Every structure is written in structure tokens, then in C-alpha cells.
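As C-alpha cells, the structure follows; a few thoughts come after it.
The values are calculated or read from the model by the stated rules, or taken from the named source; none is laboratory data. The structure displayed is predicted, hence computed values, not measured ones. FYI the Cβ positions are ideal-geometry reconstructions off the backbone, even for glycines, and counts take in every protein chain you see. These accessible areas exclude ligands, DNA and RNA; they are computed on the full protein's heavy atoms, side chains included. Shrake-Rupley method; radii C 1.70, N 1.55, O 1.52, S 1.80 Å.
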Amino acid sequence: MNSRKAVLRLRFLVLFLPVILLTLILLTQSAPAHARTSDAKNAKAKKDQKSSSAAAAAGPGEAQLLAIFEKELHRGQTELSKLDPAPYFVSYNITDSDSLAVIGTQGGILTSTHDRERVADVSMRIGKPDLDNTHERDRNSGITSGALPLENDSDAIARTLWHLTYEEYRKASKAYTNVKTKTAVRAKDEDESPDFSVEKPSSYIDTAAPPAMPDQKAWEDLARRYSAAFRRYQIQESLVYIYGGNDRSYLITTEGTKIVTTDAIFRVMIEGELLADDGMRLERAETFQYSDPSKLPAQAEVDAAVKKIADDLNALRAAPLAEPFSGPALLSGRAAAVFFHEVLGHRVEGQRQKGREEGQTFTKKVNEKILPDFLSVTDDPTLRTLGGTELSGYYRYDDEGMPAERVEVVKDGVLKNFLMGRMPVKNFGSSNGHGRAQAGKMPVGRQGNLIVTSSNTVPDAQLRARFIADIKKQGKPYGLYFEDIEGGFTLTTRDLPQAFQVLPVMVWRVYADGRPDELVRGVDIVGTPLTTLTQIEATGDTTSVFNGICGAESGSVPVSAAAPMILFSDMEVQKRKYGDTRPPILPPPPGADQPVAVKNGANEKGGAQ
Amino acid sequence: MTKTKTATITATMTCVRLALKSGYGLASHLRAPLIAFVSIFLLCAANLPARAANPSGDVLLRALKEEMERSKAQLKMDNVAAPYYIEYRVTELDAFEASAIFGALRSQQRGSGRFLRVVVRIGDYKQDSYYGSGEGTVDMVPLDDDVFAIRHRVWLATDRAYKAAGEALSAKQAALKQMKVDQPVDDFAQATAVQSIEPLARLSTADFTPWLRLIEESSGLYRSDPLLQHFESALRFEVVNHYFVNSEGTVACSGSSQYTILVAGSTQAADGMLLQRSHQDEARDLAGLPAREKFLQTTAHMLETLKQLREAPVVEEEYRGPILFSNDAASSVVTELIQPNLLGKKPKLGENGRTTGPWSSSYKMRVLPDFINVVDDPALTTLAGQPLFGDYKLDDEGVKAQRVPLVEKGQLVSYLIGREPIRDFAVSNGHGRASATGGPEPHASNLILESADPRPDAELRKKLIELAKQRNLPYGMYVETLGPGLELRLLYRVYTSDGHQELVRGAVFGDLDVRSLRNELVAAGGAPAIESHLESVPFSVASPALLFDELQIKRTPASKLGLPEYAPPPLSDSAAAVVK
């Protein structure tokens, strides 16, 4: 697989905040998450389907298509090399995507769309690897995108690629002139590493047949039935979003790289929302995600998820507001996974170690201790599953055609490596297969599957006991247990405080005096990374997986994070800002018990098993 | 079939056709992205076998009526007045869209959606909350025949709209305290309740494959001119059904269809100047679209004009003299320069004008030559054998559409207006129209300009030459086609010596504005051409040819792009296709 998944559509479901370099991870739960359980319901690893009958993926039509792309790529390069300046690198990255999306609410379909499109990204570099048009702020001059014909008509495709290519040449040569001027005029950068690394070309053609796209009508009924489950509960807004996408990507470069891969992703997102009496908006979401559509959840599983969402939301509605607090904190595995994604993961992305605007928290800390010595962190996109759960950040080749690599980011507490694409930083001159981007964006170093492991584990139940002991020792009235979170964002730019914010959803006060845990609401975890990471005291022994979509400069990419339960000796929380809209004045309309109009099966009562 | 109409190459067939109005009030983060998502994907959908026929409108109307009754009876917050008016409007869209470039299909999509707009007003007809976020709440409702699912969305949207109205009224009253309005007008006009159930429209269930082949074939005609940089053909078949229920007792539904097909291309002259042409055909049903042969002929002709434009000389630096506009070009002029001035939009809060725009203080004054009449008629569906697209029985505020004479003998006698009164116009004349997610505003329907003294084309041409001779000019100018924003597309010199035409390029208008319409327009023709606008709120504009005594045309100051850095890929057929 390559790391590109056409997640353009999902972008709308991720909150994007306007600050530069702000990242948000929409965290979704893969169900169930614990690595230890070998639950049959978990998605099984996608078997390598090397059967020769998988003709759909790599047939003669595809060979012809590749030939058209290659011919035009090389013709363009030959012609442009006669000009001054001339490009030293050109690539075409073309994605054929076939996607299905159905959205339902309260038993009815809001929209149902099936889309096929073919998009080309033309990437070009002018100058030399040491200094080219993608230098620093001009990075976006390196890419131009546009739609290609769906028919394999060689003239039409070649002509459209021609147009995109000379448009890109104009953009790139103009930027290169800017770059040369700026470099001559301005002060030198601290990091003078090249703009492009030297790498060997790769070649790979994925012959596995993608799963068949589901029937649209069947999915419409599914969305009706799934969303009707909310009729039983007094939840205000609710949505069920079912998405399926098959992408076939073709990457060819003038260095000789040729990568053809398939990506398939099928997910169900269920979200519910309530307004508390004081205007705080409460949300809960559950996600089921697989690379095989036949694994989508049964109605009973969805009913259970909807019940959990409704119960949690009602509990939150009744819960008291949290106060600002600092003291011992216990993060569930999933919460810890998000935490590491935001606090550590983003700060070890390669391009953040370079450039005047970056905070560069860890740039100078290679080979220094940044975590307690019992913790290690790897980012491994070559891993398909962990403990039976499919990992969202799996890919074989990144979006620059580099083979995915398992990267040891932190070993026994010591920072060892950054996540690199082909943009070198000081002391790290090569890619380690982490150059990723959404279609239409220039790849930068991004996470894949971030995995936190511990060599000093304590069974989860004992960890809780230790947590309570800490609370007593510090003389605090309670500690906080973070069971579930909805997302987070990180500020990594120099002109803003080096902060992070993780957005917890289910947070409990754990009392030292044996009182039952008490749910609270309105809490955000805050802090600065350098300090917070050193306050990890111990971990549990069960790893949880979090699958989600991460948005940053190079767009949205699917990722995962995995971590055990983590005990912090000290964690700071602040009050969450919230609106002041009152809950609805009238109760819901009558008729929740009316049968749902399911088209392809017998009518069912709303929410029935 | 309508006359040649130019349009921008990329803009006409975009997927995103619905403008989202801000001011939802405090809303879930889901809603805006959902609507954006669906708006963008409304027409980016199934190329699968035709979907089953849409549910009938009865259930949707029933759901709206039931929720309206409940809201009227029960919706009340402490410390906030109960609503005095509530309105539900649902716009149901079902569309099929496809495009082809250089002879190959590029996209094909089918999608539908139901957009809901709720307005709750508190206060009274004199002063109410229709201001800022109180101007309506937008959401989507299910496509299914499920009363509960539909009512659920309507319930939540109504709740948001009521709360927004509460805040909006306070904000408005606070703002008004800072201002002094000379002659206040009511915020909302009274109107009688209407029951109007008309048939809904359904998208044709015919096989659309021949149309896909046609746009491939027509976009493939670029082969006759490989210097073309861009050549595409596209189609859009869509139906729009409107549902309206308000607390005054109005219940209405109706539907309309639009079938369009277009071709567009661009090329660069040797000096780099970008030359663009496009042509669109519109019809109310599939049968009204041009047959294959005709469409291919039109395409070939368009290609020919692009070639000619490439070879044409650049216009001189400045020309001042008589200019004749074909009826086709004239309808663009009327659309751009006259139509906006006839809309009786309410000025911003506190402003003292009657309305907005250059004719806001020209009520009862002469704005055009005295032989010109302008009328807006929503009852017409054809004019001189050509289809019109602005017809409707009830506007988007539930008011019966009226035929409105706007300019009589050159004098401005009325404005188009909805239920938002302006000075001297207290009552709606049924022209409050809206896009699926926007608020209603005064809008044209079928706007028709006519001359009381129509002259045949040949006579206008003679007069053009005469006027040029009077000025000792070697030629007059003839505008055959305009692009969006009055961009000159096909412009000819007409020589006084023998009347022959010469195409020129690179020209822009210097002073074509309302003033020159009033003072320089000296004659008009008889046969109208129609320009229709089908995106958002459909309307048509008809005009005969127009002759101006003196207008300025000058060479475009715009910079030119370089030519492509390298030649296009050679065509795989060695001989270029022969174009008949």
C-alpha cells in the first residue's frame, strides 16, 4: 500500500483551526481496542491476495495507462530540459478513486453519493538538490494538481498532463527565482541541509485485487438502520457516516521510480451530541474501520455503540464541571496514544526541525534523554495489525515512492530519530519512508503507526492502586483518570507558546478516600512537552490502539497510535471554553417508535435488534 | 433551443452551486461541514444505474405541517417573545452532471439532497428579528419518506432559528438606537395565505449514455485544431422541487427542470493573448436539447471562430463611435447593467436610501431612452419560440408571482420586490426568490426589454454605417457575442466603404454603463435573443439588438501569458479529424 488515501472527503469531519501548523487528530475508536484480546470481531489482517485471478488490479488496461503516463512524463522532461532553468526532477502521482459515502440520521438518509475520479499531482523541482524551488516557504511551488479523464484515452490524458506540467513549470521556475534572490539577500539559516535527499528509485506493482465496492442501496439501508438506533434515546444531534474508498495510485518519477498500489478503507462513524443545561456541547463518537467492507459491524454491535454513546452523553450532562487542577493523572491506553501523537509525534516530524518558524523542541536533543528510560517509541508503517486490530497508518511505500520503514524514534528514553521524507534536516540526510501527503499537497514527514512500549509495566489494576497512592502522597483530594478523548491539537511554531491541548471527553475524579469515581466535564489537558513527558511515572501492561485521521500542512493522512495506560505524577488541566446555547426548548417530535422505512428488507421498528 | 450564449469555461459546470449563508446561530460543528460536504458532493455522485424514483412530496409536506403546528402551539422561551411568524422551505435537488475533455469522459456524477431553511420571526410586522443570525437557519433533511426522521431535523433547526431570532432582535434594536432613519418602513409585509400544490418534477429516466457519448464526441473535435489548449464539453440535467409551509397558512409545492449542454475552449494567439469561447444550450426537457448533428455543428463553428480569433488583428488603442450589439450580446448587456438596478433590495440597517444601486433614487425618472420598455413576467415559458426559465407561480416567500412593468417609455415605474418592504413599496409583487440555502431577495424572473419602435436588422446595420460616416470613421463596430462581465468575445469592424466585416481581438469597453444606456442608445431591433442563468436562482433576460451612437472601445491593458513552454503531445492519429 502507499500512504496516500484519498481522504479529501473526510477532511470535512475534522475540525481545522486556522493557526498555521496547528494539527488536530480526530480520534476515533477502533472497536474493540485492546491488543490482548484476540476478539474474532476485530478486523483480521488483510491477506496478501497474490492470486493470479486478481486481474482487475493489474491487467493490460493498466499497463497501457502506465505507458501513457510515462511517455508524457519523459517527453515533458526532455522538452523542458532544453530551457533555462530546467527541472532536475519531475513526478506524476495519479490516483484513481472510487468512493461511496452515505450519511444517515434518525433512520433517514441525508445523502448518498458514489464518486469516481482520477486526479493527477505533478511535482517538479528546479535548481539542484542543494537548493531548489521548494526551499522553505516556497515548498508549495513543487506541486500542481488537476483532474484527468477517466477514460484511458491516450491523447486526452497526455494533453491534460501536458497542461498541468507546463503550469507547474511556470510555478516552479518563478519560485526558484524567488528562492535564489532570498538566499542571496537574507541571513543564512542555521540548518543548511539540502532541499531534496539523494535516494535510489523503487519499483513495485501491487497485484492484489481491491475488495469490491459495496452496493449503494445496501449501504443506504445500513445507514437507515444504524442511525435509527438513536431513536431510543434523547440525544439531540446524531449522524451515522458510512464511507468506503478504493484508490489505485500510480507514482512515476524521472528518477525511475514506478509504484502502483491499492488502498481500501471502509469505515462507519457514529456520532452523538447533547447540549448540557449550561450550554456546553457534549459529543461522543465511535468508529469501526476495516480494509474489507464485509467486516462492517452487525446491527447489534452498532446498537451497543449507540447505547454507550447515549449513556455517556447522559452521564456527562449530569456531571459537574471540572475545576482547573494539577496533580496525578492516569491516562487510558487510548488517551495515552493520542497524547503521544500530539505531544511527541508531531515534534519528531522531520520538517519541523528546520526553518525559522518552527519551535524545534527536539531538534538539538538527539541522543539526549527526553522520556523516562523505560519508555521507547517507534513509528512503524509496515505493521498491518497490532494485537488483531488493523492499523490505520499502514502503508508499503510513502507518497514520494520511498519504502516504508520502521523508525526507532525513542529508545529507552533517548531520542534517536526523526520521521523523515525526502527533505533532509541537519544530521539526517535521508528519507526513512515517512514522506506523506493528501492528494494535491507536497509530502512532508508524517506519522504512520506510532507505538509506545514500556519495559517497566505494572498490571493495569495495580497501576490504579499506585495512582491512588500518589494522590495520597501528594496530599491532593483526587486525581484525574482520562478514559476517552476526542482529539487534540499542537502548536509547534516559534511565535506561539510550545503548547499542546488534548481534548478529553470522559474524565473521572478518582478519590483517595475510596469514594466511587466521579465523572466530570469541561476539562482540557494542557502543558508543555519537554516537561510533561518527564513526568511519566509508570505504565500498564496492555496496549490500546487508536485509529484516526491526522491533519497538518500536507493535508489529512490516516494514522494510528498505540500505547499502554500511563501514570503521570503531575498533569495540568484547564477549563474548556464552551458556548452558552441552551438545550432545545421542545422535546423531540413524537413518533420515535414508528417503523423505519427500510427499502430492501421488511420494515423494522426503529432501533430494533 | 436558445441562441448562442457565452459563459466562462470553468465556472458554469461546477459542483459547488449552493452558497452557504453564514449566521446559523450557535450550531454544532457537524452542520456546516455536513452541508458543505453535501453541497460539494451533491453532484459528485452515482454513475451507477439510475436510482429509484424519489419519494413523493406528500410525506415531506405532512412532516413540515405537523412540526409547524407543534412549533406554533408550543415554541416559547422564558424572557423571549413567542414567534409571530415561522417558515419552512425545503429545496430538493436531483441532478446528473458529466464532463468530457479532449474527447474523453472526465467525470460523471448523480446526486440529490433536500435543503431546509427555517426562519422564525419574533416582534411584529413593523419591527422584527430578521437581522444577522435571525435571517434563517439552514440544514438538511432526509430524502426518505419518514415523518419522524424529517421532523427531527426540522425540530432542531426551528429551535436554533428561534434562539437566533431572540438574539438578533436585541442586536438590531441596539444598533437602531445609534441611528436615525428618516422614513422607516415595516420589516415584513403582510400577505395572504395561499394553497398551491403543483406537480413535482422528476429527472428523466431515459438512458443518458448517448449524451455522454455526445460530449465526448464534441470535445473530441479539438483534433481539427491541435493548437487548442483547452477544449471541454459538459452537461447538467437537474430538477428542483420546492416545498413551502408557513405559520400564516400557506402550503405550496412545485417543481421545475433544466437540461443544459455546453462546450468551451481556449487558445492563445501568437502574442500570448488568451482567447476563450463557449456555447451553452438549455431546455426544459431532454427533447428540447439540440440533436447530435446540430450540437456538433455548433461545436465546429465555435472551433472555427477560435481559429479566426487567433489570426485576427488586435483592436486599435481606442475607438470612439457607433456600436451595434446583436440581440445575443444585448441580452448580456441588459443582464449586467439593467437587471441589477431593478431589484428593490432593502438598504442596510439605518441607511436612508429607498433601495440600493444606481437607480435607487430614480423612481419615476427617465433611466432609458423613451422608446424602451422593460417588463418582468413570471408567467411566460417561451418567447418568440424560445424557452424561458424564470417562470414560477409562487415565489420563495409563498406570494403569487406578478407581471411587473418596470420601465415604461424609458421611465422607471417600479422595482421587483419580495416581502421586505422598501420606501413607496409596502407590498410584495411576488419576486422574493432564493437559492436552496440562501434567504429570499428581490430577483428577476423573465426580464424582457422591448422597443416601442423596433427596426429590422438590416436597417440597424445601415444606420451603424451612417453614424460612422458622419464621424468620418472608416468603420463602425459590431458586437456579436459577450462573455461574463461584458467581456468582448466576438467583435467586428464594419467598414463603411462596402459593409464588409473584420474580426478583431483584445478589446474591452471603456464606458459602457447605465449612463451610456440612458444617453447613447438610439435604436433597437425587434427579434429578441434570450440569455438564461440557471445556477442558483433561475432567470432569463430577453433583448433585441441595440445600437449606440457613441461608445468607447479600447485595447485591453491586461498582461499576456507566455505560450506553453513546449508543444502539445502529438495526436495519435496522423491525420487530423475532418470537421464538417
Output the number of the condition that residue B:69 fails; it satisfies all remaining conditions of (1) of a type outside the set (A, V, I, L, M, F, W, C); (2) crowded, with 24+ Cβ neighbours inside 10 Å; (3) within 12 Å of chain A (Cβ to nearest Cβ); (4) farther than 30 Å from residue A:162 by Cα.
(2)
Show the residue pairs that are 6+ apart or on different chains and have beta-carbon atoms under 6 Å apart, the first residue being within the range B:100-116 and at the interface with chain A (Cβ under 7 Å from one of its Cβ atoms), the second being β-branched (Val, Ile, Thr).
B:111/A:113; B:113/A:111; B:113/B:38
When residues of the range A:583-592 are limited to those that are more than 7 Å from every other protein chain (Cβ to nearest Cβ) and under 38 Å from the mean Cα position of the chain (by Cα), the one modelled with the lowest pLDDT
A:583
Given (1) over 30 Å from residue B:571 (Cα atoms); (2) free of Cβ contacts under 8 Å to residues at least 60 places away in the same chain, where does residue A:195 come up short, assuming only one miss?
(2)
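Under the condition of being open to solvent by 10 Å² or more (accessible area, probe 1.4 Å) and part of a strand (DSSP E or B), which residue from the range A:127-138 is farthest from the other protein chains (Cβ to nearest Cβ)? First the steps, then the outcome.
First pass over the range A:127-138, keeping only residues open to solvent by 10 Å² or more (accessible area, probe 1.4 Å): A:127-131, A:135-138.
Narrowing the set further to residues that are part of a strand (DSSP E or B) leaves A:127-128, A:131.
Details: A:127: 17, A:128: 20, A:131: 22 Å.
Applying the filter and picking the extreme gives A:131.
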Which numbered condition residue B:151 misses (of (1) away from chain A (no Cβ under 11 Å); (2) open to solvent by 10 Å² or more (accessible area, probe 1.4 Å))
(1)
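Considering only residues that are of a type in the set (Ser, Thr, Tyr), outside any strand (DSSP E or B) and in contact (Cβ under 8 Å) with a residue 24 or more places away in the chain, look in the range A:521-575 and name the one that is most open to solvent (accessible area, probe 1.4 Å). Quick ask: steps written out before the conclusion?
Of the residues in the range A:521-575, the ones of a type in the set (Ser, Thr, Tyr) are A:528, A:531-532, A:534, A:539, A:542-544, A:554, A:556, A:560, A:569.
Right, trim to outside any strand (DSSP E or B) and you get A:528, A:531-532, A:534, A:554.
Checking the rest, the ones that are also in contact (Cβ under 8 Å) with a residue 24 or more places away in the chain come to A:528, A:532, A:534, A:554.
Details: A:528: 66, A:532: 9, A:534: 84, A:554: 1 Å².
Out of the qualifying residues, it is A:534.
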Looking at the range A:188-208, which of its residues are modelled with pLDDT under 85 and surrounded by 15 or more Cβ atoms within 10 Å (Cβ to Cβ)?
A:191
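Residue-wise test of (1) crowded, with 20+ Cβ neighbours inside 10 Å; (2) under 18 Å from residue B:412 (Cβ atoms); (3) at pLDDT 95 or above; (4) aliphatic (A, V, I, L, M).
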residue	(1), (2), (3), (4)
B:315	yes, no, yes, yes
B:324	yes, no, yes, yes
B:332	yes, no, yes, no
B:364	no, yes, yes, no
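Only one of these is over 24 Å from the mean Cα position of the chain (by Cα), in the same structural domain as residue A:469 (by TED's automatic domain parsing) and either open to solvent by less than 10 Å² (accessible area, probe 1.4 Å) or within 24 Å of residue A:121 (Cβ to Cβ) (or both): A:329, A:276, A:310. Name it. Even if it seems obvious, please write down each step before you answer.
On the way: A:276 fails: in the same structural domain as residue A:469 (by TED's automatic domain parsing); A:310 fails: in the same structural domain as residue A:469 (by TED's automatic domain parsing).
Only one candidate passes the filter, namely A:329.
Take the conditions crowded, with 16+ Cβ neighbours inside 10 Å, within 18 Å of the chain's Cα centre (by Cα) and not aliphatic (A, V, I, L, M) and apply them to residue B:378. Does it pass? Show your work before the answer.
On the way: crowded, with 16+ Cβ neighbours inside 10 Å: yes; within 18 Å of the chain's Cα centre (by Cα): yes; not aliphatic (A, V, I, L, M): yes.
In short, yes.
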Return the only residue of A:173, A:154, A:197 being more than 7 Å from chain B (Cβ to nearest Cβ), touching a Ser or Thr at 6+ places or on another chain (Cβ under 7 Å) and among the polar types (S, T, N, Q).
A:197
With the requirement that a residue be modelled with pLDDT under 95 and more than 18 Å from residue A:128 (Cα to Cα), what does the range A:157-187 give you?
A:185, A:186, A:187
Could you look through the range B:174-205, keep only residues that are open to solvent by 40 Å² or more (accessible area, probe 1.4 Å) and within 27 Å of the chain's Cα centre (by Cα), and pick out the one that is farthest from residue B:422 (Cα to Cα)?
B:205
If the Cβ limit is 6 Å and pairs must be 6+ apart or interchain, which residue in the range B:287-300 that is under 16 Å from residue B:221 (Cα atoms) pairs with which residue that is at pLDDT below 95 and aliphatic (A, V, I, L, M)?
B:300/B:579
Among (1) among the acidic types (Asp, Glu); (2) within 11 Å of another protein chain (Cβ to nearest Cβ); (3) open to solvent by 10 Å² or more (accessible area, probe 1.4 Å), there is one condition residue A:168 misses while meeting the rest; what is its number?
(3)
So which of A:118, A:139 is basic (Lys, Arg) and at pLDDT 95 or above?
A:118
If we ask which residues in the range A:84-126 are within 23 Å of residue A:236 (Cβ to Cβ) and either away from chain B (no Cβ under 11 Å) or part of a loop (DSSP other than H, G, I, E, B) (or both), their number turns out to be 2
Please go through the range B:128-148 and pick out each residue that is among the charged types (D, E, K, R), in contact with a strand residue (DSSP E or B) (Cβ under 7 Å, 6 or more places away or on another chain) and within 13 Å of chain A (Cβ to nearest Cβ).
B:139, B:144, B:146
Give all pairs with beta carbons closer than 7 Å in which a residue from the range A:212-239 that is more than 8 Å from chain B (Cβ to nearest Cβ) meets a residue that is among the aromatic types (Phe, Trp, Tyr) and open to solvent by 10 Å² or more (accessible area, probe 1.4 Å); count only pairs at least 6 apart in sequence or on separate chains.
none
Which members of the range A:237-264 meet the condition of being surrounded by fewer than 22 Cβ atoms within 10 Å (Cβ to Cβ) and closer than 17 Å to residue A:103 by Cβ?
A:243
Given (1) under 30 Å from residue A:115 (Cα atoms); (2) part of a strand (DSSP E or B), number of the condition residue B:60 does not satisfy:
(2)
Count of residues meeting criterion [without any contact (Cβ under 8 Å) to a residue 60 or more places away in the chain, open to solvent by 10 Å² or more (accessible area, probe 1.4 Å) and farther than 24 Å from residue A:82 by Cα] in the range A:139-159:
5
